[in-house]
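S.K.: The structure follows.
No value in this document is a laboratory result; all are computed from the given coordinates. What you see is a predicted model, and the numbers here were worked out from it, not measured in a lab. Backbone-built Cβ (ideal geometry, glycine too); neighbour counts: all protein chains shown.
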Amino acid sequence: MAELVIKNLHVNVDDNEILKGVNLAVNSGEVHAIMGPNGTGKSTLAYALMGHPKYEVTQGEATLDGTNLLDLAPNERSALGLFLAFQYPVAVPGVSVANFLRTALNAHRKVDDPEDKGISIPDFRKKLKEKLALLEMDESFAGRYLNDGFSGGEKKRIEILQMATLEPKFSILDETDSGLDIDALKIVSDGVNATRGKQQGILVITHYQRILNYIKPDFVHVMLHGRIAQSGGPELALQLEEEGYEWLREKYPA
Ligand SMILES: Nc1ncnc2c1ncn2[C@@H]1O[C@H](COP(=O)(O)OP(=O)(O)OP(=O)(O)O)[C@@H](O)[C@H]1O
Ligand SMILES: [Mg+2]
């Protein structure tokens with residue numbers, strides 16, 4: 001039984017067709033990696049799945065557990081259990097990390113139970129403390145404004161803090177590894193793996209094989225010219241590291 005199913009997905013940005021028929025199925029418990037040269041549509045796929053209004057789906061299907069994602073607003077997709085860790089997280093001055101996470105968590109709880117009064121402050125503090133510890137982050141981050149003045153690596157860690165707190169069913173990690181130092185990469189990967197058992201699937205978008213040593217993929221796909229051009233096992237990532245993309249560009253000219 002496949003959990004995330006993408007069929008013949010075409011996506012336009014400002015009337016330019018970026019995705020030209022993406023097919024992908026991620027079964028329960030699987031981790032899939034998506035690699036591919038700059039500008040081939042990896043983030044476009046992530047945004048389109050999450051419902052970014054600029055990314056217009058012109059054809060195709062995307063379902064999570066059989067529910068059509070494409071009819072839903074981004075917050076409804078989130079409530080359904082879909083999560084996106086951004087390639088470029090945005091700063092939200094005025095909104096603290098703690099407030100942001102508690103509001104998101106409570107919004108999810110309200111979908112499950114409209115009568116829900118929200119997580120109690122002590123319970124939330126306990127949870128946040130535990131997740132900050134998991135990602136080896138200082139507790140002072142909870143009181144800071146979201147991503148405001150955060151270093152590149154801190155922003156990436158905060159994305160995974162969100163994932164660990166919201167405990168989604170399915171996560172898309174868009175270049176979470178870029179900007180992380182060598183130790184942080186291991187800590188963040190351990191954080192992802194700690195939530196892995198609870199997740200049905202994870203899509204890891206990356207340029208480098210290194211993160212895949214920690215978050216082990218079942219399948220690796222290469223996106224080229226808005227399509228998945230090649231799929232394989234973890235060995236495909238190693239081959240790309242050795243040989244680059246030229247052989248694929250020759251095999252699949254634009
Ligand atoms: N408004 C726009 N008009 C024209 N092209 C656009 C627009 N927005 C995005 N694109 C193009 O869509 C393509 C896909 O971008 P996307 O961010 O999905 O690439 P990516 O595979 O994630 O690349 P990277 O590895 O660099 O993150 C790029 O060529 C980008 O320039
Ligand atoms: Mg990208």
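S.K.: Between ASP113 and ASP148, what is the label-to-label distance in nm when each label sits 7 Å out along the Cα-to-Cβ direction?
M.R.: 3.4
S.K.: Express in nm, to one decimal, how much length is gained between VAL92 and GLU167 on full extension, taking 0.36 nm for each residue of separation and deducting their alpha carbon distance.
M.R.: Result: 24.8 nm gained on full extension.
S.K.: Residue-wise, which Karplus ³J(HN,Hα) couplings in Hz belong to region 120-137, taking 6.51 cos²θ - 1.76 cosθ + 1.60, θ = phi - 60°, and x for glycine or proline?
M.R.: Per residue, the Karplus-derived 3J(HN,Hα) values read 5, 4, x, 5, 5, 4, 5, 5, 5, 4, 5, 6, 4, 5, 4, 9, 6, 10 Hz.
S.K.: Roughly what % of DSSP beta bridges within the chain run antiparallel, to the nearest 5?
M.R.: 60
S.K.: I would also like to ask the following. Along each of its three principal axes, how wide is the spread of alpha-carbon positions in the chain, in whole angstrom units, largest first?
M.R.: 57, 40, 35
S.K.: If you average the C-alpha positions of region 191-254 and of region 4-44 separately, how far apart do those two centres end up, in angstrom?
M.R.: Here the two parts' Cα centres lie 12 Å apart.
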